[in-house]
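Take a look at the structure set out below.
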Amino acid sequence: MSVIDWIVLGITLAFIVLYGMYRSRGMKNVEGYLLADRELPWYHVGLSVMATQASAITFISAPGQAYHDGLRFIQFYFGLPLAMIVLCVTFIPVFQRLNVYTAYEFLEKRFDSRTRFLTAFLFLLQRGLSTGITIYAPSIILSTILGVDVLYTTLLTGGLVILYTVYGGTKAVSHTQLAQMLIIFSGMILAAVMVVKLMPEKIGLFESLHIAGKLDRLNAIDTSFDWNNRYNIWSGIIGGFFLQLSYFGTDQSQVGRYLTGKNTTQSRLGLVMNGLIKIPMQFFILMIGVLVFSFYQFHESPVYFNRVELEKAKQNYPTEIITIESEYREALQQKKTQAEFLVDAIGSDNQQEIERAKVSLRSSAANAESIRQKAIDVIQQNNPRAERNDSNYVFLTFVTGFLPTGLVGLIMAIIFLAAMGSTASGLNSLASTTVVDFHKRLVRKEGSEKYYLNASRWATVAWGAFCVVVAIYAGRLGNLIEAVNILGSLFYGTILGIFLVAFYLKNIQGKAVFFAAIIAEVFVIISWQLELTAFLWLNVTGCVLVVLFAWMLQRLMARFK
Amino acid sequence: MSKEKDSYNWPLIYSAIVAELLFLMLVFYILTDYFS
């Protein structure tokens, strides 16, 4: 990165931190600190909800995923708009009527303290670890791209978030998220325009899409049904619906965002905004990856996008890597020629010609890919812990290699901002759950506003330190990222089941739902161990089983009473 | 959050969300099919 890029990066990050601190100055009470005085308008709520869900990985990985795997990931979000409707109809009015600080407070009012503590504890466990990973994942990628030690990128991301989150609480989180999302949208639009502008002269958007489509990168819809296929329209609508309902309805990092709405209407409108914008936004981000893919049909791409791993392999296996790289360059040249034939055929509008060019292009793409796989074999031979999938490095390699000075710094800033936005919500929700659901309930039931404000600040500091430590050690613990993702999927369905029973099955009591949740959880873990279904379906399984078992247990208990 | 009566037609808003989802799925389907 050039000096100008570093300046852009530094100014953007400093602006966000100072802006957050300025907008939240003069904090005096705990409601202001944890719920921004419940006075935010709908667009604030909507953007805050979106910034919480969109972590840095969204902006780093999604384009890379589209580059290798096409648009099919978009189906993952099909259940989200439907989940927003259920939240607006059921969840928001209940949380509002009971005037709660956290989602788990509601469970004690509806069932008992045992169910509240169990759910809040599961949340702290899962969110504490995953917030650490939210800091670690972009830090490792940025350290590779920027050539800086991962410890510094981790401390920078974690330190800046802790600074303004501790100082200004939810108010700082929401105000910075609004600014972050505006910067993120602007930067991503600029990046998309630049990719199209950087294409060779005769290649416009239409030709780029044709090339991507012929190489299966525009596979946005898959209507075939398969329990083990992670992304098809059915797992997206049904599994995605349960996952999103659980995430937005029961995860305090999201509930805490829409509880900041001035009233029920503003909170609802914020979620409606999320329901309307999320899929187009995600599609746009994936589309950038597709365009980068088309771009690399005419420009030389590295054989493996993680430059550091490639260099390490080159040091120990120089002959193998250099030979493979030379073969790969030849294959890319051949692929480029075929892509140019395809563009000419599209220009002539001759269907037979197009079909022939498509077959040739696919064949040379397959050849290039097989050579790339040989390189990855050598890289893994050199370092067994190196990942086969280099999609996390695709977009930023393109950004640093081809985008103009200034924009590179802005995109890097966007990655930091996205990481900070979701981390801030995570820390804030961890602090509110710790103080409201445990400290206020078990340690000190009566205290002054100042006391709970200080307790919330200290809880944020403690969780911030915990998450940074998780981030620092995450790299040494191997598959921790995967483990945390699994942890989330394993518990979300069960937690959602508890909430659905609370909302819709009024005759079921605390004891039945508590034991139903434990039995359902055992089933979910067995189903995961035996690999019976793809991940998204675990959310459905957990939820349906809790509802079913709670209903059966309640009937049984009534009979034996 | 305070409770208030509003003048929004919520059933219409929810229908618009579903309509947009169906529209986007149709667009994606056409996109998948047309460029393949």
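The values are calculated or read from the model by the stated rules, or taken from the named source; none is laboratory data. Not measured: the values here are computed from a predicted model. As a convention, Cβ positions derive from the backbone with ideal geometry for all residues, glycine included, and neighbour counts pool all protein chains shown.
So that you can scan it fast, the table gives a plain yes or no per residue for (1) part of a helix (DSSP H, G or I); (2) small (Gly, Ala, Ser); (3) touching a Ser or Thr at 6+ places or on another chain (Cβ under 7 Å):
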| position | (1), (2), (3) |
| --- | --- |
| A:345 | yes, yes, no |
| A:357 | yes, yes, no |
| A:363 | yes, yes, no |
| A:367 | yes, no, no |
| A:374 | yes, no, no |
| A:384 | no, no, no |
| A:389 | no, no, no |
| A:398 | yes, no, no |
Which ones in the range A:251-266 are within 17 Å of the chain's Cα centre (by Cα) and assigned to a helix (DSSP H, G or I)?
A:252, A:253, A:254, A:255, A:257
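I'd like the residue in the range A:99-117 that is among the aliphatic types (A, V, I, L, M) and farther than 27 Å from residue A:277 by Cα and, out of all such residues, is nearest to the other protein chains (Cβ to nearest Cβ). Reasoning before the result, please.
To start, the set of residues in the range A:99-117 that are among the aliphatic types (A, V, I, L, M) comprises A:100, A:103, A:107.
In the following step, the residues that additionally are farther than 27 Å from residue A:277 by Cα were identified as A:100, A:107.
Working: A:100: 10, A:107: 19 Å.
Taking the candidates together, the pick is A:100.
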Conditions (1) within 14 Å of another protein chain (Cβ to nearest Cβ); (2) farther than 30 Å from residue B:28 by Cα; (3) at pLDDT 90 or above; number of the one not met by residue A:96:
(3)
Does residue A:202 satisfy the condition of being among the basic types (Lys, Arg) and either under 30 Å from residue A:336 (Cβ atoms) or assigned to a loop (DSSP other than H, G, I, E, B) (or both)?
yes
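For residue A:330, indicate whether it is in a helix (DSSP H, G or I) and either acidic (Asp, Glu) or free of Cβ contacts under 8 Å to residues at least 24 places away in the same chain (or both). Don't jump to the end; show me each part of the working.
Working: in a helix (DSSP H, G or I): yes; either acidic (Asp, Glu) or free of Cβ contacts under 8 Å to residues at least 24 places away in the same chain (or both): yes.
So residue A:330 fits the description; yes.
Residue by residue, here is whether (1) touching a Gly at 6+ places or on another chain (Cβ under 9 Å); (2) polar (S, T, N, Q); (3) within 14 Å of chain B (Cβ to nearest Cβ) holds:
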residue: A:264; (1), (2), (3): no, yes, yes
residue: A:270; (1), (2), (3): yes, no, yes
residue: A:275; (1), (2), (3): no, no, yes
residue: A:281; (1), (2), (3): no, no, yes
residue: A:284; (1), (2), (3): no, no, yes
residue: A:293; (1), (2), (3): yes, no, yes
residue: A:310; (1), (2), (3): no, no, no
residue: A:313; (1), (2), (3): no, no, no
Any hit, the range A:217-236, residues being over 23 Å from residue A:131 (Cα atoms), modelled with pLDDT of 90 or more, in a helix (DSSP H, G or I) and within 21 Å of the chain's Cα centre (by Cα)
no
Confirm whether residue A:240 is assigned to a helix (DSSP H, G or I), over 20 Å from residue A:41 (Cβ atoms) and modelled with pLDDT of 90 or more.
no
Mind listing whichever residues of the range A:465-495 are at pLDDT 85 or above, surrounded by 15 or more Cβ atoms within 10 Å (Cβ to Cβ) and of a type in the set (A, V, I, L, M, F, W, C)?
A:466, A:467, A:468, A:470, A:471, A:472, A:491, A:495
If I go through the range A:180-218 residue by residue, how many of them are touching a helix residue (DSSP H, G or I) at 6+ places or on another chain (Cβ under 6 Å), surrounded by fewer than 21 Cβ atoms within 10 Å (Cβ to Cβ) and over 29 Å from residue A:412 (Cβ atoms)?
2
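Among the helices (runs of 4 or more DSSP H) lying completely within the range A:15-70, list those that include at least 1 residues that are under 22 Å from residue A:422 (Cβ atoms) and modelled with pLDDT of 85 or more. Before you say what the answer is, go through the steps one by one.
On the way: elements: A:30-35, A:42-53, A:56-69.
Qualifying helices (runs of 4 or more DSSP H): A:42-53, A:56-69.
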